[in-house]
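First comes the structure, then the notes that go with it.
The values are calculated or read from the model by the stated rules, or taken from the named source; none is laboratory data. Only a predicted model underlies this, so the values are computations on that prediction, with no experimental measurement involved. Using ideal geometry, Cβ is built from the backbone for each residue, glycine included, and neighbour counts are taken over all protein chains shown.
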Amino acid sequence: MSAGFHIAVCGSLVPDPLQTLEPVDTPAGPGLKSEMMLPAVLDPWAAHALYEAAHLAKNTGDSKVWLVSLGPKARLQQLMMNIAQKVPFELVALDGPAGGFSDAYEVAAALAGAVEKIDGLDRPRLLLFGGRSSASRDAGVTLQMVGERLGITDQFLAVDKLTVQDDGSLRVLERVEGGVYQASVCEGPPAVLAWSTGELPEPPNNPQVGMQNMRAIMPALQQAQPAAVSAAGITYRNVEVPRQRRDTKIVKDVPAEEIAREIVEWLRS
Amino acid sequence: MSEVAADRQSMEVDIVCVGFGPATGGFLITLSRAMQDPALQPHLQSKAMPGMPLQVVCYERADDIGFGVSGVVTRARGIRASFHDLEPGEIPMAHDVSHEKVVWLKDPIGASRRPGGVKGLDAAMASLRLLGKGGPHAVELPYIPDFMKKDDGLLLSIGQFNQWVGSLLMSSGLVQIWPGMPVAEPLVDDDRVVGVRLLDQGTDLRGDPTEAYMPGMDVRAALTVVGDGPVGPVGRKLDEHFGMPEDHHQRDWAVGMKMVVDLPTDCPLEPGTVFHTIGYPEPEIFGFFYVYPGNVASLGIFVPSWFDSPVRTSYRYLQHWMLHPYVWRYLEGGTLRSWGAKTLQESGRRGEPHLVGDGYARIGEGSGSTNVLTGSGVDEAWTTGVQLAEGVIELLKQDKPFTRANLEAAYVQRRRESWVERGARIAEKARDGFQKGFLAGFIGMGLSGLSRGRINISGPAKRPYEPVPSLQQYYDGKLQVDEIERIRQAAAAAGTSLHDALMEAAGWPAISYDGKLLISHQDALLLGGKVQAPAGYPDHVVFLYPSVCEACETKLCIEICSGEAITPGEGGVPQFDREKCIHCGACFWSCTQPREDDPERTVLEFGAGAGGLHSAEN
């Protein structure tokens, strides 16, 4: 590769998965109880995409990473405190809802518009990254629509591994059913890669990365454009979060077979 | 380790803050406002990065700036001075205080330890019941002394308050706050503090480097602001290095354990209702109940270091307190939203360390700002942060360095002349009486408060471990020695703490779980505290001298542990599971084994660590 990649990672906040989520009706449609009070983290699917993007950029000279985030500006600010020390990126912020009940079509339109407006982004070198299930209530459609709007036809929607081959082509492993991978090769960018889990652990916090990122993040947040994203036209018949059932038991020195037997019994019950 | 040391990165800023709580919030709000003032901007320029505004960073251990703190009722004098037109509705869960009560709780089950004096108080309170309300098992006191009143104040969730302050700071774009970044220690160069060292990442539990090792960065700064709370590692290492001022010591502590609860829909309590309880489950344990908007309450107990039980526990007593008929009538049918605990430094002004030195200043609870008479700490902490910021701005305007003398004049003098200091002096001896027993302490607090500190039941403060009796002494008359030994052996074999079995043998009824509010300790930890421990950090609780722990009969660290993170270990040395630790720090001051070379310190080391609670509603 004579020139590196320009990687736009679409990713935004979700409530910290450890919080108790309770759906409620709001004037704007379904929402979560006390949503603005819930601590937020970067959507774990998108987080994998961001770490993979940073890793790829680090190992491919002349590359750059943008994080394109749609969310309430105040909450994006808090999110940045948690992720800006992880990897270098430049933030593109869109001020709008990120509550999980938006229309994926509208979200995709807003994100595509933001990517198109990135100053200095070289479209032939673009890799569009994101989480496979992000901003779509697990339907896995949003990043695909962003790619379509940007005219990118090479799309990989359950990526676990990306290898840049010697000739510049991209070898992609996608997760398919049955615990096997589908291997694909495309000539190179532009391409859409919606990530499953990737292979990288969460990077440690690096204060220097944080200082460097934050100099550009704050102006980006201040300049965040409002994004007209809603769920207008969508009717939610019913909203519920996955049921949780917990039984806690503390045991020691129990054989794995016994633990497995108990789990099966518990599931059957 | 020379190769590793060579890899340690360093960064220069102008001001580095340790810990993001109310004190640091007050400091950063005041400083960032000055940085936005065109008249002051020429003075607030960076020396670390010439051409840039002052470079100010703050590192916080918890994974978010709103995690792991507490609900409070406060007069909010200093907070309102910073936000003149503050409307509580701006801050989630905040509300003006509307009703305030102090309630004496009688023992409805006969298991509470009530010496003669307390029984006398029970009788005296019973006669007061003719004047007030409370039902058969409680007395709502008809009078609240002025020094305790907070009826003009605010109810706050400090988690939400911190988030609100943090968002104001972030939107200014002038200061950086980094949660999830523990600070290991101050950098001290020839008695001058020159910054801080962040905690190493990528280590095993013993702190040894793994393949992912990244040495904690040195963050060098002209001024280090230490606001890391009562058990913060930076403040304590400064105390170890510089010592405490003469006659000052930190010997009074408490752990506050609390829940945030969705009250039952038919609960009659209005937002802004506050009640404080005394008398039960043990006389030494105080309770609090604050009603937020939205039919939500923050409630819990304080278990002090002068409660001399060798099986001191918070969780079990919290459940008995909640089940007291006076409290349970409001809670029955409610659901747990959040749970947590934290240590309070209750020595007040007597626990004040050296507030400043060359290159550093101390603010907040760890600086001894809590008023132990009025039970107020957040507002005082906030105000000390504001005072330091005002002093720093003054020094920057005069282009003076952050020396001990300059910080004394600019910050400490402000603090000495303020209401914080005046209140702290009145309160200085207010709790001394508790060293002699509950009744003496109760009367002493009243005398100190009513006489504005002129009359006190005073006396020397014992180190926290000194009054702790043996199990046999504590349960004398209630349990036979052989029964205690049987319970001890059963607990050791099961790998559990002792307090549940001992309390039940001594008459406390078993807790009948309802799965919503009355739940196991581990379920409270996981459902309410949502505790996390990121990988790659060392254990922050270390048993320094295993042979001492082996020989220790009390092992109060196990009993008091708020998360059941410390449990009996093989060979008699407790074992620590950092994935359950909520960083409350109660083990640190409850250890009963002093070090041979320093009786003010014990053999349990509580260092810098990552993770902890993940609830922002506390």
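Can you tell me which residue is modelled with the highest pLDDT among those in segment A:107-148 that are of a type in the set (D, E, K, R) and buried (at least 16 other Cβ atoms within 10 Å of the Cβ)?
A:Arg125
Considering only residues that are surrounded by fewer than 19 Cβ atoms within 10 Å (Cβ to Cβ) and within 12 Å of chain A (Cβ to nearest Cβ), which ones fall in segment B:186-217?
Hits for segment B:186-217 are B:Gly202, B:Thr210, B:Glu211, B:Ala212, B:Tyr213.
A:Pro226 - would you say it is away from chain B (no Cβ under 14 Å), under 22 Å from A:Val115 (Cα atoms), surrounded by fewer than 16 Cβ atoms within 10 Å (Cβ to Cβ) and at pLDDT 90 or above?
When the stated conditions are applied, A:Pro226 passes them.
In segment B:569-583, what residues are surrounded by 20 or more Cβ atoms within 10 Å (Cβ to Cβ) and outside any helix (DSSP H, G or I)?
Those that are surrounded by 20 or more Cβ atoms within 10 Å (Cβ to Cβ) and outside any helix (DSSP H, G or I): B:Pro574, B:Phe576, B:Cys581, B:Ile582, B:His583.
Starting from segment A:155-173, keep only residues that are closer than 16 Å to A:Ala49 by Cα and without any contact (Cβ under 8 Å) to a residue 24 or more places away in the chain, then list their pairs with residues that are of a type in the set (D, E, K, R) and in a strand (DSSP E or B) whose Cβ atoms are within a distance under 7 Å, requiring at least 6 positions of separation or different chains.
A:Thr163/A:Arg171; A:Leu173/A:Asp160; A:Leu173/A:Lys161
Which residues, taken from segment A:59-78, are aliphatic (A, V, I, L, M) and more than 10 Å from every other protein chain (Cβ to nearest Cβ)?
A:Val65, A:Leu67, A:Val68, A:Leu70
Residues are listed down the side, and each one gets a yes or a no for (1) touching a strand residue (DSSP E or B) at 6+ places or on another chain (Cβ under 6 Å); (2) at pLDDT 95 or above:
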{"site": "B:Asp514", "(1), (2)": "no, no"}
{"site": "B:Gly536", "(1), (2)": "yes, no"}
{"site": "B:Asp539", "(1), (2)": "yes, yes"}
{"site": "B:Glu553", "(1), (2)": "no, no"}
{"site": "B:Leu556", "(1), (2)": "no, yes"}
{"site": "B:Gly612", "(1), (2)": "no, no"}
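Filter segment B:145-171 down to the residues that are within 18 Å of the chain's Cα centre (by Cα) and closer than 15 Å to B:Arg75 by Cα, then identify the one that is farthest from the other protein chains (Cβ to nearest Cβ).
Ranking the candidates gives B:Leu155 first.
Go through segment A:163-210 and tell me which strands (runs of 3 or more DSSP E), entirely inside it, have 1 or more residues that are away from chain B (no Cβ under 14 Å), of a type in the set (Gly, Ala, Ser) and within 19 Å of A:Leu126 (Cβ to Cβ).
A:180-186, A:191-195
Report yes if B:Gly66 is part of a loop (DSSP other than H, G, I, E, B), within 14 Å of chain A (Cβ to nearest Cβ) and under 21 Å from the mean Cα position of the chain (by Cα), otherwise no.
Spelling it out, B:Gly66 is indeed part of a loop (DSSP other than H, G, I, E, B), within 14 Å of chain A (Cβ to nearest Cβ) and under 21 Å from the mean Cα position of the chain (by Cα).
For every residue, the table says whether it meets (1) away from chain A (no Cβ under 14 Å); (2) surrounded by fewer than 21 Cβ atoms within 10 Å (Cβ to Cβ); (3) out of contact with any Pro (no Cβ under 7 Å at 6 or more places or on another chain).
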| site | (1), (2), (3) |
| --- | --- |
| B:Val72 | yes, no, yes |
| B:Arg80 | yes, yes, yes |
| B:Asp85 | yes, yes, yes |
| B:Glu90 | no, yes, yes |
| B:Leu105 | yes, no, yes |
| B:Arg114 | yes, yes, no |
| B:Ser127 | yes, yes, yes |
| B:Gly135 | yes, yes, no |
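For segment A:4-14, which positions are in contact with a helix residue (DSSP H, G or I) (Cβ under 6 Å, 6 or more places away or on another chain) and either within 14 Å of chain B (Cβ to nearest Cβ) or assigned to a loop (DSSP other than H, G, I, E, B) (or both)?
A:Phe5, A:Gly11, A:Leu13
Going through B:Phe442, B:Phe402 one at a time, which residue ends up being touching a Phe, Trp or Tyr at 6+ places or on another chain (Cβ under 9 Å), among the aromatic types (Phe, Trp, Tyr) and part of a loop (DSSP other than H, G, I, E, B)?
The conditions single out B:Phe402.
Out of all the residues in segment A:103-158, which are basic (Lys, Arg) and more than 16 Å from A:Gly188 (Cβ to Cβ)?
A:Lys117, A:Arg132, A:Arg137, A:Arg149
Among the residues of segment B:491-531, write down those that are surrounded by fewer than 16 Cβ atoms within 10 Å (Cβ to Cβ), of a type in the set (A, V, I, L, M, F, W, C) and within 14 Å of another protein chain (Cβ to nearest Cβ).
Of everything in segment B:491-531, those that are surrounded by fewer than 16 Cβ atoms within 10 Å (Cβ to Cβ), of a type in the set (A, V, I, L, M, F, W, C) and within 14 Å of another protein chain (Cβ to nearest Cβ) turn out to be B:Ala492, B:Ala493, B:Ala494.
For segment A:20-47, name all the residues that are more than 9 Å from every other protein chain (Cβ to nearest Cβ) and polar (S, T, N, Q).
Scanning segment A:20-47 gives a single hit, A:Thr26.
Residues being in a strand (DSSP E or B), closer than 20 Å to B:Val372 by Cβ and touching a Leu at 6+ places or on another chain (Cβ under 8 Å): count how many of those fall in segment B:71-107.
The qualifying residues number 5.
Given the conditions (1) in a helix (DSSP H, G or I); (2) farther than 21 Å from B:Arg197 by Cα, report the number of the one that B:Thr24 does not fulfil.
B:Thr24 satisfies all of (1) in a helix (DSSP H, G or I); (2) farther than 21 Å from B:Arg197 by Cα except (2).
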